[in-house]
Amino acid sequence: MLWRGRRQSDNVEDQRSDSGGGGGLGGGSPGQFRIPIGGRAGGGSSIFIVILVVLAGWYFGFDPSQILGGGDGGLLPGGGGQITDSSGDQGGGTGAPASDEMKQFVSTVLAETEDTWKGIFQAEGLTYEDPKLVLFSSQIRSACGFASSAAGPFYCPSDHKVYLDMTFFQQLDQQFGASGEFARAYVIAHEVGHHVQNLTGILPKFNQMRQSMGEAEANHMSMQVELQADCFAGVWAHFTAQKGILEQGDMESALNAARQIGDDTLQKKMQGYVVPESFNHGTSQQRQTWLARGYKSGKLSDCDTFNTPI
Ligand SMILES: [Zn+2]
């Protein structure tokens with residue numbers, strides 16, 4: 001990605017030297033959504049279409065009795081057991097020196113998502129509110145509770161912030177086999193996608209609905225939320241490509257990352273077998289498919305994971 005020299009966002013809060021806001025660690029708490037997506041839609045009414053369709057699905061298409069509580073979204077799959085949590089505690093890595101350039105990269109990608117989503121929202125007569133992106137190391141306290149780096153990047157709907165420990169990028173590369181700048185950009189874009197879902201009412205609706213859902217149903221809806229975030233990331237990538245700043249192999253890196261963090265692939269890697277009922281982010285195939293789908297069309301209306309078979 002040809003990101004150097006481009007605008008960097010002012011919305012990055014560097015809390016890497018902080019102790020975590022005063023608290024202990026803790027696993028990811030409910031309500032966090034790891035792995036957002038960002039993108040810009042071309043079409044004018046696509047956001048409305050998505051929202052209406054989603055709401056229609058919620059109100060008319062689901063049998064709430066089928067879904068059970070549960071898993072929070074994240075970048076990584078991890079049904080109740082949070083594969084993200086078992087993906088390896090990174091000890092106390094501090095994000096180190098080499099991360100200054102990485103911080104610039106993250107700030108630039110965030111700025112790109114801001115520009116893209118601003119355009120999409122404006123086209124709908126809506127105002128896009130930029131999310132903040134908090135860089136932390138080891139552990140952090142968010143409005144969603146305490147979280148440790150081991151749980152991976154996440155989005156907290158309550159404070160509109162994306163939380164990222166950049167050491168995750170090394171983990172993505174070395175542990176998950178997903179290298180490349182654009183794999184990292186995809187991670188950020190996915191989290192920003194959750195922010196878009198938050199602004200458009202999708203996340204609040206999901207959080208409300210899953211209270212009364214069974215686990216299986218909640219897991220399924222969680223997958224719909226996560227795959228939509230992947231699709232939104234694809235939409236963002238679509239417009240980023242149109243700016244001429246993608247390089248050969250960039251999209252392949254992102255697609256590979258989506259594949260490597262699929263529920264089935266992670267479970268196989270972590271425990272040697274898969275438990276499909278526990279999937280809550282989507283399989284490798286599904287994640288790759290929805291990312292590619294958003295990338296191909298650039299339309300939010302093609303990201304309706306709620307009324308399209310996933
Ligand atoms: Zn996510």
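The values are calculated or read from the model by the stated rules, or taken from the named source; none is laboratory data. What you see is a predicted model, and the numbers here were worked out from it, not measured in a lab. Neighbour counts run over all protein chains shown; Cβ positions are idealised from the backbone, glycine included. Quick note on the areas: whole protein, heavy atoms, side chains included, nothing else; ligands and nucleic acids left out. Shrake-Rupley method; radii C 1.70, N 1.55, O 1.52, S 1.80 Å.
A few comments on the model shown:
- For Ile140, the conditions (1) away from the ligand (no atom under 16 Å from the Cβ); (2) in a helix (DSSP H, G or I) all hold with the exception of (2).
- Some residue of the stretch 144-157 being hydrophobic (A, V, I, L, M, F, W, C) and within 20 Å of Glu101 (Cβ to Cβ): no
- The single residue among Ala150, Ala111, Ala189 that is away from the ligand (no atom under 15 Å from the Cβ), open to solvent by less than 10 Å² (accessible area, probe 1.4 Å), outside any strand (DSSP E or B) and under 24 Å from Asn280 (Cβ atoms) turns out to be Ala150.
- Residues of the stretch 266-289 that turn out to be under 19 Å from Pro153 (Cα atoms) and away from the ligand (no atom under 16 Å from the Cβ), as a count: 2
- Scanning the stretch 115-130 for residues that are assigned to a helix (DSSP H, G or I), at pLDDT 95 or above, touching a strand residue (DSSP E or B) at 6+ places or on another chain (Cβ under 7 Å) and open to solvent by less than 30 Å² (accessible area, probe 1.4 Å) turns up nothing.
- Among the residues of this structure, Leu255 counts as one that is at negative phi, more than 16 Å from the ligand (Cβ to nearest atom) and either buried (at least 22 other Cβ atoms within 10 Å of the Cβ) or at pLDDT below 95 (or both).
- Filtered residues of the stretch 209-252 (kept if of a type in the set (D, E, K, R) and within 16 Å of the ligand (Cβ to nearest atom)): Arg210, Glu226, Asp230
- The number of residues in the stretch 273-291 that are assigned to a helix (DSSP H, G or I) and either of a type outside the set (A, V, I, L, M, F, W, C) or out of contact with any helix residue (DSSP H, G or I) (no Cβ under 6 Å at 6 or more places or on another chain) (or both) comes to 9.
- Tally, over the stretch 192-214, of residues that are of a type in the set (Val, Ile, Thr) and open to solvent by 10 Å² or more (accessible area, probe 1.4 Å): 1
- Among residues of the stretch 236-250 that are at positive phi, those with a Cβ under 9 angstrom from a residue that is of a type outside the set (D, E, K, R) and open to solvent by 40 Å² or more (accessible area, probe 1.4 Å), sequence gap 6+ or separate chain, pair up as Gly244/Leu2.
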